[in-house]
1. Please state which one of LEU151, LEU189, LEU166 is over 29 Å from SER111 (Cα atoms) and not acidic (Asp, Glu).
2. If PRO53 passes every condition in (1) surrounded by fewer than 19 Cβ atoms within 10 Å (Cβ to Cβ); (2) more than 8 Å from the ligand (Cβ to nearest atom); (3) part of a loop (DSSP other than H, G, I, E, B) but one, which one does it miss?
3. Condition first: in contact (Cβ under 8 Å) with a residue 60 or more places away in the chain and in a helix (DSSP H, G or I). Now tell me which residues in region 1-17 satisfy that.
4. Under the condition of being under 13 Å from ALA60 (Cα atoms) and not in a loop (DSSP other than H, G, I, E, B), which residue from region 18-42 is farthest from the ligand (Cβ to nearest atom)?
5. Take LYS265 and decide whether it is among the charged types (D, E, K, R) and not in a loop (DSSP other than H, G, I, E, B).
6. Answer yes or no: is there a residue in region 238-256 that is closer than 30 Å to HIS54 by Cβ, small (Gly, Ala, Ser) and over 17 Å from the mean Cα position of the chain (by Cα).
7. Can you tell me how many residues in region 182-196 are aliphatic (A, V, I, L, M) and either more than 16 Å from the ligand (Cβ to nearest atom) or out of contact with any strand residue (DSSP E or B) (no Cβ under 9 Å at 6 or more places or on another chain) (or both)?
8. What's the total number of residues in region 157-193 that are in a helix (DSSP H, G or I) and within 25 Å of GLN99 (Cβ to Cβ)?
Amino acid sequence: MRKILVTGANGQLGSEFRKLSQSGDFDFIFTDVDELDITDVHACAAYFEQARPHFVINCAAYTAVDKAESDKKLAWDINVEAVKNLVLSSALCGSYLIQISTDYVFSGKSSVPYGERDLVDPRSEYGKSKAAAEVEALRYDRSLVIRTSWLYSTFGNNFVKTMIKLGKERESLNVIFDQTGTPTYAEDLAAAILHIVDKISANSRDFVGGIFHYSNEGVCSWYDFACAVMKLNGLNCKVYPIETKDYPTPAKRPEYGVLNKAKIKSTYGIDISHWYSSLERMIAALNTVITN
Ligand SMILES: NC(=O)c1ccc[n+]([C@@H]2O[C@H](COP(=O)([O-])OP(=O)(O)OC[C@H]3O[C@@H](n4cnc5c(N)ncnc54)[C@H](OP(=O)(O)O)[C@@H]3O)[C@@H](O)[C@H]2O)c1
């Protein structure tokens, strides 16, 4: 059976792999910082030597976007230096490496969906570190970089859960309407990655490396996203649209982060749901967890 090592397995995306691992098609090894600190080059080499994974899915990252502006060293250690370690260790075992990246590598100045060949021009420390990580991952010929956007899950903390919490506590809320992108249900992303892994496992000639974009389908603003969360949860909290300038944050976010997914769909035969129907599924799953 093919072995998949998932790093950063306690995060949103990593937890989705844990959930999907119950299907039993692969032999999964889940690690987070306590089992394998990916910033430790020797620990990585020793772990890979013993585990010899066929695939490595790196879900570990420094994801505190605003904190990264003042905590640059740690952000770069986790997001860049650690990826160098994973490349070295993967090369030792011939493992395929799947690195997760972000729409924050772009400036956000576009008005049409970003393609994989578009120039990166990150505006935040987080975005810069993730762009540098892509370069490191792509030095290895068995690597795949998957950029995604606006990730949420029933696991961990994210925009959807924050909106539900605030929607229950408050009568009204201001949410930015001049940043546009596409929400991505981490369960869908995990399933898409497993589909790719499955394909490569069945026939290694199906492996196509490089950068791929994946988010759910469609486009919305954070305001639209918040309204949908309120509606699907039956919350009466009124949502008001505000401009980015009225909600200053330490890190600059792209105004436009829509990703063009044509390449991943045609190369790996991936079907993608619209963000609204994925959000409906996530909220149903969340409510099942709460009632059980
Ligand atoms: N969240 C988004 O909106 C978003 C959007 C686009 C792309 N992405 C990318 O998608 C990927 C998954 O994101 P996510 O939201 O699932 O992240 P997450 O929930 O923040 O999970 C990241 C995990 O990595 C762990 N970690 C941190 N340092 C580590 C280390 N040195 N060694 C091993 N594990 C370590 C974290 O542990 P601690 O919690 O203890 O630090 C956490 O469990 C990341 O590459 C992220 O950049 C995320």
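The values are calculated or read from the model by the stated rules, or taken from the named source; none is laboratory data. Please read these numbers as outputs of a predicted model, since none were measured by experiment. Note that we place each Cβ from the backbone using ideal geometry, even for glycine, and neighbour counts take in every protein chain shown.
1. Numbers: LEU151 fails: over 29 Å from SER111 (Cα atoms); LEU189 fails: over 29 Å from SER111 (Cα atoms).
One residue alone meets the criteria, LEU166.
2. It fails just one condition, (1).
3. Residues satisfying the conditions are GLN12, LEU13, SER15, GLU16, PHE17.
4. Filtering region 18-42 for residues that are under 13 Å from ALA60 (Cα atoms) and not in a loop (DSSP other than H, G, I, E, B), the one farthest from the ligand (Cβ to nearest atom) comes out as PHE30.
5. Values: among the charged types (D, E, K, R): yes; not in a loop (DSSP other than H, G, I, E, B): yes.
Taking the combined requirement at face value, the residue satisfies it.
6. Narrowing region 238-256 to residues closer than 30 Å to HIS54 by Cβ: none.
No.
7. Our first condition is that a residue be aliphatic (A, V, I, L, M); within region 182-196, this holds for 186, 189-194, 196.
Still in the running and either more than 16 Å from the ligand (Cβ to nearest atom) or out of contact with any strand residue (DSSP E or B) (no Cβ under 9 Å at 6 or more places or on another chain) (or both): 191.
Qualifying residue count for the region: 1.
8. Residues of region 157-193 in a helix (DSSP H, G or I): 159-169, 186-193.
The next check asks that each one be within 25 Å of GLN99 (Cβ to Cβ); those that pass are 159-160, 186-193.
Residues meeting the conditions: 10.
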